[in-house]
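In what follows, a structure is listed as structure tokens, so that the remarks can point back to it.
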């Protein structure tokens with residue numbers, strides 16, 4: 001990168017800190033102010049914050065597009081649009097009207113405090129942003145030549161310092177800024193490669209034929225699996241937090257529907273850039289580097305710096321949001337429910353939780369060294385534990401009894417954890433019976449629901465709630 005590119009990055013970091021630190025929270029701020037910004041999120045802010053937060057895996061998208069072409073859209077696009085649509089239709093309005101702060105708050109309301117604490121631990125582990133901290137380290141290696149550990153530490157520090165002082169409002173203000181950079185950077189890159197190399201005809205002539213098929217060379221079962229994995233959206237803490245923080249139930253529902261449109265547009269930009277990277281740089285050794293490699297080959301100084309901001313903004317907007325989600329879960333759901341701290345102390349313990357979750361993210365990132373492995377591990381365990389209790393805690397007339405809800409969270413999550421660890425004890429390093437760990441846990445959770453759920457007017461549903 002040229003000196004002007006580095007200058008652009010420095011200006012970006014300075015603006016990020018300025019926006020994030022414009023309004024600091026006091027230790028006496030209420031939990032609602034800290035976690036939800038006082039429930040004043042407007043539609044534009046809702047969309048910008050949710051869109052930027054839910055797209056942190058940008059290097060993984062580049063790798064998949066480079067390797068498998070337009071099937072990226074059917075794997076990382078369409079299943080998540082459908083899941084987000086289901087959330088908007090069935091959950092967004094109910095979540096906002098509940099006037100709650102977090103997912104475990106709903107678990108407590110529906111099933112009791114013990115289930116809420118257990119669910120809080122699961123949510124906390126799912127929201128520690130290890131995968132995105134890892135990507136920051138990789139990006140800093142690509143862009144600046146820093147050692148991986150240095151990129152992890154400095155990138156994470158810049159992503160969370162304003163969250164520590166400003167809470168949810170700081171997350172939203174910086175997300176608005178980063179949202180714009182995401183689209184500008186990838187839009188510029190796509191315009192430049194189309195201008196220099198040509199449009200669809202160039203791709204047809206220079207891509208492997210499978211890159212232009214719906215499957216990209218993968219089996220239909222492999223692609224179908226992602227439609228199951230995408231159901232994790234229904235227990236996605238970032239969605240619930242934005243809905244809880246929205247100005248109204250209508251804002252929450254419409255915000256998700258509008259966000260789907262922006263994800264569709266951004267997927268068009270990122271998938272197209274991945275296709276051009278494969279066509280222009282077919283011998284690239286590491287597909288994870290496809291976006292930075294394409295940018296350095298076609299963008300002049302200045303524009304390269306802007307594209308670097310697009311990559312950084314996409315990842316950093318996710319790091320700050322998930323760091324804060326983990327922190328708020330620690331303060332509001334684990335410490336308050338599990339250890340009985342007062343509501344006044346939630347802000348203090350949320351900040352403490354931010355420090356803990358940041359340290360855990362760095363440790364996990366250095367240990368795993370693979371974002372996909374991190375997503376797979378925590379998603380395979382957390383989704384079965386939460387999907388059925390949370391979804392039916394908002395939807396339908398059947399509800400698990402409190403003791404069965406706790407059993408569902410612990411048994412399904414525990415079984416998936418044991419199943420995940422089985423690959424470390426089998427001779428060939430595969431899961432038991434070749435089955436992914438998410439499925440046994442989901443099966444147990446569904447069976448418990450089918451056998452024990454009762455109608456809401458059945459008094460047995462409400463007994464033993466504490």
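Calculated from the alpha-carbon coordinates, segment 245-352 shows an Rg and a Dmax of 20.5, 59 Å respectively. Just how far, in whole angstrom, is segment 141-177 from segment 316-359 if you go by their alpha carbon centroids? Spelled out, the Cα-based centre of one part sits 17 Å from the other.
Taking every Cα-Cα distance in segment 153-303 and sorting them into 10 Å bins starting at zero, the pair-distance distribution P(r) comes out as 8, 26, 32, 25, 8, 0 percent.
Given a cut-off of 26 Å, what percent of all Cα-Cα pairs of segment 290-433 lie beyond it? The share of Cα pairs beyond 26 Å in segment 290-433 comes to 50 percent. Rounded to the nearest 10 degrees, the inclination of helix 438-452 to the longest alpha-carbon principal axis of the chain is 30 degrees. Kirkwood radius for segment 293-376, taken over all pairs of different Cα atoms as the inverse mean of 1/r, rounds to 15.2 Å. In this calculation the C-beta distance from residue 212 to residue 268 is compared with R0 = 25 Å, giving a FRET efficiency of 0.95.
Over segment 79-206, what portion of Cα pair distances is larger than 18 Å, expressed as a whole percent? Counting every Cα pair in segment 79-206, those more than 18 Å apart make up 76 percent. Between the C-alpha center of segment 405-457 and that of segment 186-220 there is a gap of 40 Å. Legend: P(r) of segment 1-109 from all alpha carbon pair distances, 5 Å bins from 0, whole percents, reading 2, 8, 10, 15, 16, 14, 15, 11, 6, 2, 0, 0.
Against the chain, whose longest principal axis is taken from its Cα atoms, helix 371-394 shows a tilt of about 40°. With no solvent and one equal point scatterer per Cα, compute the Debye intensity ratio I(q)/I(0) for segment 157-236 at 0.12, 0.22 Å⁻¹ and report its log10, rounded to two decimals. Reported log10 I(q)/I(0), two decimals: -0.75, -0.99. Principal axis extents of the C-alpha atoms in segment 3-370 (largest first, rounded to whole Å): 64, 45, 37.
Between residue 352 and residue 395, residue separation times 0.36 nm minus the direct Cα-Cα distance comes to 12.1 nm. Axis of helix 113-127 versus longest Cα principal axis of the chain: the two differ by about 10°, to the nearest ten degrees.
Average projection, convex hull of the Cα set of segment 196-268: 7.4 square nanometres.
When the helices of the chain are scored as -39500 (n - 2.57) per DSSP H run of n ≥ 4 and the total is divided over every residue, the value at 222 nm lands at -23500 deg cm²/dmol.
Throughout, read-outs are computed from the coordinates displayed, never taken from laboratory work. A quick note: this is a predicted structure, and the numbers were derived from the prediction, not measured. With ideal geometry, Cβ positions are generated from the backbone for all residues, glycine too; neighbour counts draw on all protein chains shown.
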